[in-house]
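S.K.: This structure is in structure tokens; I'll ask about it shortly.
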Amino acid sequence: MHFSFVTLFPSLIEGYFTESILARALASGTITIDFHDPRALTQDKHKKVDAPMIGGGAGMLMTPQPLMDTLQNIKKDSPDAYVIFLTPVAKPFRQNDAKRLARKSHLVFVSGRYEGIDERVIEMQADELFSIGDFILTGGEVASMVVCDAISRNIQGVLGNEESLRDESFEMTLLEAPSFTKPKIYENSEVISEFLKGNHSKITDLKRELALCKTKYFRPDLYKKKVSHEK
């Protein structure tokens, strides 16, 4: 899988790939990355990539020409490139999206800045738009890293133990059950006794009940969906 990041601040993203799982995936060639700064292609003599909004409004917008030229160049070199814009004005990004997009060969993440991007660029270049939540960030770089990380974990060879994907939150429409490690007792708090007895069938059943309880408390929307599906 190849990931391209279209951003005015490549250094904000580069560091994320220097440690841990994604660093190993990059070193092994399981994933590859590159960066494209629209400022390098701006035709403005002052190297500006933003301008005031037509019709008024606070803040500035990223202008169309630098972004359009950047994305057109990427698509010319890679016809399979699938372009994703990160914006709060979009559908929520979900685990099923991460699994689906992990089957692509080349994903391009476009990170907006200022008050956003000229809508014409989105209309002409976007294959898909995602939001990572109902809040506003100072730029799309963090959102790009979130989506890239979630997708990368579903690419074969990225995780050391791919079995760990099976029991994670959202895989069965439920949040993941609580987990524990040594010591058995920590500050008067003890591991659930059933977990210590080695009966894996009972542990599996208990984990499902705990997952249901956690989902009902934290995500009643998912709990309702799960219960109605099982009726």
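Quick note: the coordinates plus some simple rules give every number you see, no bench work behind them. All values derive from a computational prediction rather than experimental measurement. We place every Cβ from the backbone using ideal geometry, glycine too, and count neighbours over all the protein chains shown.
S.K.: Antiparallel DSSP bridges in the range 2-152: what percent, to the nearest 5? Show your work: numbers first, answer last.
M.R.: Working: 3 of 24 bridges.
The antiparallel proportion sits near 10 percent.
S.K.: Given the options 194, 115, 209, state which has the largest fluctuation in a GNM of the chain using a 10 Å cut-off (strictly under) for Cα springs.
M.R.: The residue that fluctuates most here is 194.
S.K.: What relative contact order, as a whole-number percentage, does the chain give when Cα pairs under 8 Å and 6 or more residues apart are counted? Write down the numbers at each step before the final one.
M.R.: Values: 322 pairs, mean separation 45.1, N = 231.
In percent, rounded to a whole number, it is 20.
S.K.: How much space per residue, in cubic angstrom, does the convex hull of the C-alpha atoms of the range 47-92 take up?
M.R.: Values: hull volume 4.9 nm³, N = 46.
Normalising the Cα hull of the range 47-92 by residue number yields 106 Å³.
S.K.: Given a 10 angstrom Cα cut-off, can you work out which residue in 50, 34, 149 is the most mobile in a GNM of the chain?
M.R.: Result for the chain, Cα springs under 10 Å: 34 fluctuates most.
S.K.: Past 30 Å, Cα to Cα: identify those pairs from 91/216; 99/224; 202/224; 184/226; 48/75; 104/182, in the order given.
M.R.: On the way: 91/216 23 Å; 99/224 23 Å; 202/224 25 Å; 184/226 32 Å; 48/75 23 Å; 104/182 40 Å.
Too far apart for the 30 Å limit: 184/226; 104/182.
S.K.: Using unit Cβ charges (K, R positive; D, E negative) and no other charged atoms, how large, in debye to the nearest 20, is the dipole of the chain about its Cα centre? Kindly include the intermediate steps, with their values, before the conclusion.
M.R.: Values: 30 positive and 32 negative charges, 130 e Å.
It comes to approximately 620 debye.
S.K.: Another question, if that's okay. Mind giving me the nanometre distance, one decimal, between the label points for residue 48 and residue 217, set 7 Å out from Cα along Cα→Cβ?
M.R.: Spacing of the two 7 Å Cα→Cβ label points: 5.4 nm.
S.K.: Right, another one. How far is it, in nm, from the label point at residue 100 to the one at residue 69 when both lie 7 Å from their Cα along the line to the Cβ?
M.R.: 3.4 nm
S.K.: Please report the Cα spread of the chain along all three principal axes, rounded to whole Å, starting with the longest.
M.R.: On the principal axes, the chain reaches 71, 42, 38 Å in Cα extent.
S.K.: Now for a different question. Choose one of 108, 46, 7: the residue whose Cα lies farthest towards the positive end of the charge dipole of the chain (beta-carbon charges +1 Lys, Arg; -1 Asp, Glu; about the Cα centre).
M.R.: 108
S.K.: For a quick check, take a GNM of the chain with Cα springs below 10 Å and name the residue from 216, 91, 197 with the largest mean-square fluctuation.
M.R.: Per the Cα network of the chain with a 10 Å cutoff, 197 tops the list.
S.K.: Follow-up question, since we're still on this one. Ignoring everything except DSSP H segments at least 4 long, calculate the 222 nm mean residue ellipticity for the chain; use -39,500 (n - 2.57) per segment, divide by total residues, nearest 500. Kindly include the intermediate steps, with their values, before the conclusion.
M.R.: Values: 8 runs with 84 residues, N = 231.
That calculation yields -11000 deg cm²/dmol at 222 nm.
S.K.: Could you compute the net charge surrounding residue 101? Neighbours are other residues with a C-beta less than 15 Å from the C-beta of residue 101; K and R count +1, D and E count -1. All intermediate terms of the calculation are to be shown ahead of the outcome.
M.R.: Numbers: positive: 91, 94, 99, 100, 103, 104, 153; negative: 80, 97, 127, 128, 149.
In short, +2.
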